[in-house]
2 protein chains.
Amino acid sequence: MLMGEGVEWGLHCCLVLAWLDEHAPIATARLAEMYELPPEYLKKRLQPLVREGILESVPGARGGYRLGRAPERITFMDVVAAIEGRTGAFRCTEIRKRGAGAAAAETEFGKVCGIAKVMGRADLAWRRELAGETIADLVADTSDKAAQRARDFFERVNG
Amino acid sequence: MLMGEGVEWGLHCCLVLAWLDEHAPIATARLAEMYELPPEYLKKRLQPLVREGILESVPGARGGYRLGRAPERITFMDVVAAIEGRTGAFRCTEIRKRGAGAAAAETEFGKVCGIAKVMGRADLAWRRELAGETIADLVADTSDKAAQRARDFFERVNG
């Protein structure tokens with residue numbers, strides 16, 4: 001059970017787009033250079049973030065990406081959900097209703113299987129943690145030095 | 001990001017083995033019938049649980065499975081970790097040290113990337129929830145009717 005690289009890439013791109021806000025929109029090629037990522041592949045990974053309004057994609061030769069809304073309003077959960085989807089990691093296939101359970105009346109079962117309930121509670125705890133952290137928090141928790149380095153690097157590669 | 005069916009199967013098997021403790025060991029074929037699961041496939045899914053001591057596998061014609069320790073001492077986390085492994089769902093590949101970060105001295109970076117830190121905190125919240133729930137809790141939360149139905153079914157199919 002592993003997330004795709006898109007989550008790491010997407011979160012780092014949100015961070016760097018917050019840092020580089022005054023230079024936005026940032027071309028895909030530039031954004032890719034910030035982390036040595038393959039540009040075409042990165043573009044694909046960012047598509048769901050654009051679809052969800054987390055990023056804004058500006059078309060054209062001078063186009064690129066900017067944050068779709070204020071960093072205070074983009075949570076880790078938003079980014080993870082956009083890329084990995086909103087369904088929990090555990091999928092209940094209701095095996096409790098098969099075999100020994102097959103003969104039981106539907107009314108005998110609780111609405112949610114006890115196992116799915118616990119897995120759902122864990123999933124909720126995970127989501128809560130991610131929903132409580134925004135890109136603005138991430139900016140605040142990251143050193144000014146790193147932000148400055150990113151800006152310097154961008155200005156250099158952007159000519 | 002989806003868990004394999006092994007987690008659902010494994011947890012339900014722990015529950016039914018707790019219910020059927022007095023009949024243990026329970027043959028693979030019987031255990032499979034309890035939930036209409038493919039026996040060979042189920043055997044494979046349960047192997048990591050045996051390896052971790054969550055289940056005990058008794059060899060021979062009259063062999064089968066029983067819980068490897070008291071249901072109070074088997075947590076959901078034990079079962080999930082045995083099947084899905086102990087690494088978190090998020091994999092940090094340290095892209096912060098590439099591109100714009102490549103020129104920075106190693107000492108400039110915090111030990112853990114700020115993004116990985118948040119993802120790790122969420123993972124911990126998830127684990128805590130699963131570690132706080134045991135098979136004994138699950139037994140207590142499941143209706144006596146379901147337990148009785150499982151016992152009746154077993155006695156019927158076991159001849």
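Readers should treat all values here as calculations from the given coordinates under stated rules, not as data from a laboratory. Remember, it's a predicted structure, so these values are computed and weren't measured experimentally. Don't worry about glycine lacking a Cβ; one is built from the backbone with ideal geometry, like all the others, and counts go over all protein chains shown.
A few comments on the model shown:
- Shielding by partners for peptide B:119-127, expressed as the average number of C-beta atoms from other protein chains within 10 Å of each residue's C-beta, is 6.
- In order along the range A:38-54, phi translates into HN-Hα couplings of x, x, 5, 5, 4, 3, 4, 5, 8, 3, x, 5, 5, 4, 8, x, 6 Hz, rounded to whole numbers, per the Karplus curve 6.51 cos²θ - 1.76 cosθ + 1.60 with θ = phi - 60° and x for Gly and Pro.
- When the listed pairs A:K117/B:K111; B:K43/B:K145; A:K44/B:K44; A:K111/B:K44; A:K145/B:K117 are checked against a 25 Å cut-off, the alpha-carbon distance exceeds it for A:K117/B:K111; B:K43/B:K145; A:K44/B:K44; A:K111/B:K44.
- Placing a label point 7 Å from the Cα of B:G4 along the Cα-to-Cβ direction, the distances to the matching points in the other copies come to 2.2 nm, shortest first.
- For the range A:5-158: span of alpha carbons on each principal axis (Å, largest first): 70, 30, 23
- Between copies, B:D21 shows label-point distances of 5.9 nm, shortest first, with the point placed 7 angstrom from Cα along Cα to C-beta.
- This model, with +1 at the C-beta of Lys and Arg and -1 at the C-beta of Asp and Glu, gives the protein assembly as shown a dipole about its Cα centre of some 380 debye.
- Dipole magnitude (debye, nearest 20) for the range A:100-159, charges at Cβ of Lys, Arg, Asp, Glu: 60
- Put a dot 7 Å past the Cα of B:K97, heading toward its Cβ, do the same for B:A70, and the two dots end up 4.6 nm apart.
- For chain B: relative contact order, % (alpha-carbon pairs under 8 angstrom, 6 or more apart): 30
- Database remark: amide H of B:V58 closer than 5 angstrom to the amide H of B:G64, B:Y65, B:R66 (H placed geometrically; neighbours at sequence offset of 5 or more, or on other chains; Pro and chain starts carry no H).
- Among residues other than B:G6 with Cβ under 12 Å from its Cβ, the summed charge is +1 (Lys and Arg +1, Asp and Glu -1).
- Proximal charge balance of B:A104 [Cβ under 10 Å; K/R count +1, D/E count -1]: +2
- In chain B, excluding the sites themselves, the longest stretch lacking any of the trypsin sites (Lys or Arg not before Pro) that are in a DSSP loop with at most 16 other Cβ atoms within 10 Å is B:1-61.
- The distance linking the range B:118-159 with the range A:57-79 is 42 Å (Cα centroid to Cα centroid, whole angstrom).
- Shortest first, A:D137 label-point distances to identical copies amount to 2.4 nm, with the label point at 7 Å from Cα along Cα→Cβ.
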